[in-house]
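**Q** Here's a structure for you.
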Amino acid sequence: MNKAPVKHEILIVANPGELSLRAADEFVRLAGEAVQAKGFFTAALSGGSTPRGLYTALSSDPYCKRVPWQEVHLFWGDERCVPPDHLDSNYRMIRELLLDKVPVPKGNVHRMPAEQEDHLHAAMEYEQLIRSFFHTEAGGVPCFDLIVLGMGEDGHTASLFPWTSALEETNRFVSANYVEKLGAYRLTLTVPLINQAAEVLFLISGESKASVLRDVLEGEYRPQRFPSQLIRPVNGRLLFIVDRMAASKLMRI
Ligand code: 6PG
């Protein structure tokens, strides 16, 4: 089935270092605008290796002084179902690279409780946290100012992996998604929630992502095979910051 290409912007940069700095610029810009407009900023952060450079930049000069950390609320886009001090934990990675180095209030750090044995309960608990934060019971729309995403070589994003049940979710905001190829559950924000964001920022680096980025952006619409194609913000901005190697197979740029 074909679908109109998703409206998106793409910034191609020279290398991973430049990618991290441009992503940090975007984070600082959005945080400043949101805090000025409504007094706080909400961002859901990604795991994986590509965004590590972003977190390192944000915890270093000059960026760390440019972010109004007291008004920043951090969430997670997905999490492995392990304890928060586990080597595989996205929370642990972001704590080490960012949270331990910037003055974001502990109460503003909204970690996914993915260590819970009952994954469904953990997903529901995080969903309730999001609903309460955004006052959805009063009709509020859970609109994150920023959702940072990566993209796997298989076209997954967050923990929305090909052919997994979370891809079918149309109502819930958080899913406990069993990923057969990993033999594990993951907690993940769902497509309906991600697509409500004011800005979705993909960070993609390296030659190993060149084919999948071309397939996602320029290939047939096959969202079960390429879940990143499901990310189509309803009203928000979709921005890809990619390095030259990842962009090397794009035809329409
Ligand atoms: C995770 C991430 C995952 C990641 C992609 C890309 O928990 O691993 O949320 O979706 O963004 O796998 O990872 P890299 O940036 O390491 O290629």
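**Q** Starting from region 152-216, pick out the GluC sites (Glu not before Pro) whose DSSP state is loop and whose Cβ has at most 16 other Cβ atoms within 10 Å.
**A** 153, 180
**Q** What are the residues whose amide H is under 5 Å from the amide H of residue 206, where those residues sit 5 or more places off or on another chain and H is modelled from the backbone?
**A** When sequence neighbours closer than 5 places are left aside, the close amide H contacts are 243, 245, 246.
**Q** With n ≥ 4 as the cut-off for DSSP H runs, can you work out [θ] at 222 nm for the chain, using -39500 (n - 2.57) per run divided by the number of residues, rounded to the nearest 500?
**A** The helix-only estimate for the chain comes to -7500 deg cm²/dmol at 222 nm.
**Q** In addition: Rounded, prolate or oblate for region 3-66? Axes are the square roots of the Cα gyration tensor eigenvalues, ordered a ≥ b ≥ c, and the cut-off for rounded is a/c under 1.5.
**A** Taking the square roots of the gyration eigenvalues as a ≥ b ≥ c, region 3-66 is oblate.
**Q** Could you tell me the center-to-center distance, by alpha carbons, between region 24-87 and region 116-148 in angstrom?
**A** That distance is 18 Å.
**Q** Moving on. Where the only charges are on Cβ atoms (+1 Lys, Arg; -1 Asp, Glu), what is the dipole of the chain about its Cα centre, to the nearest 20 debye?
**A** 580
**Q** I would also like to ask the following. Apply the a/c threshold of 1.5 to the C-alpha gyration tensor of region 132-253 and tell me whether it is rounded, prolate or oblate.
**A** Verdict is oblate for region 132-253.
**Q** While we're on this one: Quick check: from the Cα gyration tensor, does region 176-224 come out rounded (a/c under 1.5), prolate or oblate?
**A** oblate
**Q** Please list, by residue number, every one of the trypsin sites (Lys or Arg not before Pro) in region 172-226 that is coil in DSSP and has at most 11 other beta-carbon atoms within 10 Å.
**A** Qualifying residues, ordered by number: 181.
**Q** Under a crude label model (7 Å from the Cα following the beta-carbon direction), how far is residue 116 from residue 61 in nanometres?
**A** Inter-label distance under the simple model: 4.3 nm.
**Q** Then there's this: No solvent, one uniform scatterer per C-alpha: report log10 I(q)/I(0) for the chain via the Debye equation at q = 0.08, 0.16 1/Å, two decimals.
**A** -0.28, -1.24
**Q** Let me ask something else about it. What relative contact order, as a whole-number percentage, does region 9-243 give when Cα pairs under 8 Å and 6 or more residues apart are counted?
**A** 23
**Q** As a quick test, which of the pairs 101/181; 101/249; 38/106 have an alpha carbon distance above 26 angstrom in this structure?
**A** Distance filter (> 26 Å) returns 101/181; 101/249.
**Q** Using the beta-carbon distance between residue 7 and residue 85 and R0 = 41 Å, what value does 1/(1 + (r/R0)^6) give for FRET efficiency, to the nearest 0.05?
**A** Efficiency, from the Cβ-Cβ distance: 0.50.
**Q** Against the 2.2 N^0.38 Å scaling, with N counting residues, where does region 1-124 land? I'd like the Cα-based Rg ratio to two decimal places.
**A** Its radius of gyration relative to the 2.2 N^0.38 Å reference: 1.16.
Coordinate-derived values only; no laboratory data. Bear in mind that the values here come from a model prediction, so they are computed numbers and not experimental data. When we count neighbours, we look across all protein chains shown, and the Cβ atoms used for this are built from the backbone with ideal geometry, even at glycine.
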